[in-house]
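First comes the structure, then the notes that go with it.
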Amino acid sequence: MPFFTLVTLTALTSPARAHDPYEAFHSAALSRDRLEMIITMSPTTALRLIDPAARIPRLTPENFHTHRSALLREAAVLFRLTSTGRPLPAQSTAVELTDENDVVFRVTYPRPGPGALAFSATYLARLGDGYGGLFEVTDGPKQKNLGWEQLLWSRPDFEIALPP
């Protein structure tokens, strides 16, 4: 087997990385009285948001409590939401470091009314080139998909229409 073919096959069959530091996963679920967003990212990315100068070497279970308040402040501004052109303010935020070493932000908003619901991942522009991730919106109780998009630092906006 030629060397080039062997190298190509090895590259194609090597295991994928579990935590791409440039990729985040975003979901929004509507319920009767609220909209809950969950944003999951690597600890490297979360640290970059609260420590752009990279003075903190790593985010670990041992030091998470030290940085938790800064991460909580960040949670409320990861996204900007508007409902029919009006800002939708965050009502509550939470952040955790999972057993898989991911940082999970939970942000709760009041349930938006019918019409245009716009999401803007404002944090992506602050991170820059290469950052992004999948975003899905569901009707929580019915688990009906209302839309999804690949958000990128250069294209951080997504809009859906909520029925009356």
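The values are calculated or read from the model by the stated rules, or taken from the named source; none is laboratory data. Predicted, not measured: the structure shown is a model, and the values here were computed from it. Counting neighbours? That spans all protein chains shown, and the Cβs are built from the backbone with ideal geometry, glycine included. Note: accessible area is taken over every heavy atom of the protein model, side chains too, but ligands, DNA and RNA are not part of it. Shrake-Rupley method; radii C 1.70, N 1.55, O 1.52, S 1.80 Å.
Its Cα gyration tensor gives the range 106-159 an equivalent ellipsoid. The semi-axes, each the square root of 5 times an eigenvalue, are 23, 12, 10 Å from largest down.
Phi angles across the range 129-141 convert, under the Karplus curve 6.51 cos²θ - 1.76 cosθ + 1.60 with θ = phi - 60°, into 3J(HN,Hα) values of 3, x, 7, x, x, 6, 9, 10, 10, 10, 7, x, x Hz, Gly and Pro given as x. With protein chains left intact and a 1.4 Å probe, residues in the chain average 59 Å² of accessible area per residue.
Would you kindly state how much longer the chain becomes between Ile38 and Asn145 on full extension, computed as 0.36 nm times their sequence separation minus their alpha carbon distance, in nm to one decimal?
Working: separation 107, 0.36 × 107 = 38.52 nm, distance 1.54 nm.
Full extension of this stretch gives 37.0 nm more.
Close amide H pairs (under 5 Å, H built 1.01 Å from N) link Leu146 with Val137, Thr138, Asp139, residues at least 5 positions away or on another chain. Taking Cα atoms only, the orientation of helix 3-13 departs from the longest principal axis of the chain by about 30 degrees. Surface composition of the chain: carbon and sulfur atoms hold 56% of the protein heavy-atom accessible area at a 1.4 Å probe. Our summary gives the chain a relative contact order of 25 percent, counting only alpha carbon pairs under 8 angstrom and 6 or more residues apart. Principal axis analysis of the Cα atoms in the range 70-164 yields extents of 39, 27, 24 Å, listed in decreasing size.
Looking at the range 86-151, which GluC sites (Glu not before Pro) are DSSP coil and have at most 16 other C-beta atoms within 10 Å of their C-beta? Walk me through the numbers before you get to the answer.
On the way: sites: Glu96, Glu100, Glu136, Glu149; in loops: Glu100.
Passing sites in the range 86-151 are Glu100.
The fraction of Cα-Cα pairs per 5 angstrom bin, counted from 0 for the range 28-70, comes to 5, 19, 24, 17, 10, 11, 9, 4, 1 percent, rounded to whole percents.
Annotation for Asp20 and Arg68: the two label points, set 7 Å from Cα along the Cα-Cβ direction, are 3.1 nm apart.
Here is the list for the range 18-100: trypsin sites (Lys or Arg not before Pro) lying in DSSP coil, each with at most 13 other C-beta atoms within 10 angstrom of its C-beta, are Arg32, Arg55, Arg58. Per-residue ellipticity at 222 nm from helix content only, as computed over the chain with -39500 (n - 2.57) for each DSSP H run of at least four residues, stands at -6500 deg cm²/dmol. If I model the chain as equal point scatterers sitting on the Cα atoms and use the Debye formula, what is log10 I(q)/I(0) at q = 0.10, 0.13, 0.14, 0.17 Å⁻¹? Here the Debye-derived log intensity ratios amount to -0.43, -0.67, -0.75, -1.01.
Loop only per DSSP, at most 13 neighbouring Cβ atoms within 10 Å: give me the chymotrypsin sites (Phe, Trp or Tyr not before Pro) in the range 56-117, ordered by residue number.
Details: sites: Phe64, Phe79, Phe105; in loops: Phe79.
Here no chymotrypsin sites (Phe, Trp or Tyr not before Pro) fit, given the DSSP loop and packing criteria.
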